[in-house]
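Since the structure comes first, as structure tokens, the remarks are kept for the end.
What follows is calculated from the coordinates using simple rules that are stated; it is not laboratory data. Quick caveat, the model's predicted, so the values are computed rather than measured. FYI the Cβ positions are ideal-geometry reconstructions off the backbone, even for glycines, and counts take in every protein chain you see.
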Amino acid sequence: MARRYQKSAGCIGLILLLLVGGGFSATGYFLMLKPEWEAKHAFVETPCEIVSAKLIESRNKKGNLLYRPEFRVRYTVEGKVYEQDTYRIVTGSSSSKSSNQSVVDDFKVGGTYPCWYDPKNPMRVVVDRSYSILSLLFTGIGGLLAGIAILALLVKAVKVALAIGFLAAKK
């Protein structure tokens, strides 16, 4: 009886690993990687004027300061002028004030730079189309955990099938 309990507990653990890994992978993909991919491959380049550039400060739940760059850009699509606040398609903050300030300093107010807008919704615009490490980590590590769980469950299923003679060679 104890052995049967151990085997079912192992399966439950693998199923939980599959759910957690799949959840991380789906979150990383749908909330981060997919929008970044769209910005990289489906958005259309146009010149933007930098109207303002600033470093946004906020605090996390622990009270630590977080920073992110933000740019107000002006651009024209099919004769219509748009003005939006933007940086990347997925907004994120970090604790590094200097690296975020460096991004802000790379853009001169009044200068013209390439930006990319969504042809389906021109109000979605970015000045940086790069992938974030967080989206790659969420998607990759989640997918790896889910893949390990799937393989382990398949191995368990084959062992059970062999034990009951389901996969036995026919004579």
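Here are the numbers for the structure shown:
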quantity: Neighbour-limited loop hits for GluC sites (Glu not before Pro), the range 1-95 (at most 14 other Cβ within 10 Å; DSSP other than H, G, I, E, B); calculated: GLU78
quantity: Calculated from backbone phi, Karplus (6.51, -1.76, 1.60) coupling profile of the range 134-151 in Hz, x at Gly/Pro; calculated: 5, 5, 5, 5, 4, 5, x, 5, x, x, 5, 4, 5, x, 4, 4, 4, 4
quantity: Contour minus Cα-Cα distance for ASN121 and LYS40 (0.36 nm per residue); calculated: 27.6 nm
quantity: The chain: equivalent-ellipsoid semi-axes (sqrt of 5 x gyration tensor eigenvalues, Cα, Å); calculated: 49, 20, 10
quantity: Gaussian network model of the chain, springs between alpha carbon atoms under 10 Å - residue of GLY23, GLY142, GLY79 with greatest fluctuation; calculated: GLY79
quantity: Part-to-part distance (alpha-carbon centres) for the range 38-63 and the range 116-171, which is given in Å; calculated: 29
quantity: Cα point-scatterer Debye curve for the range 71-114, base-10 log of I(q)/I(0) at q = 0.15, 0.25, 0.26, 0.32 Å⁻¹; calculated: -0.48, -1.05, -1.09, -1.26
quantity: Cα gyration tensor shape of the range 16-67, rounded if a/c is under 1.5, else prolate or oblate by comparing a/b with b/c; calculated: oblate
quantity: Cysteines, the chain, no other Cys beta-carbon under 4.7 Å; calculated: CYS11
quantity: Cα gyration tensor shape for the range 1-97, rounded if a/c is under 1.5, else prolate or oblate; calculated: oblate
quantity: Gyration tensor verdict on the range 76-152 (Cα atoms; rounded if a/c is under 1.5, prolate if a/b is larger than b/c, oblate otherwise); calculated: oblate
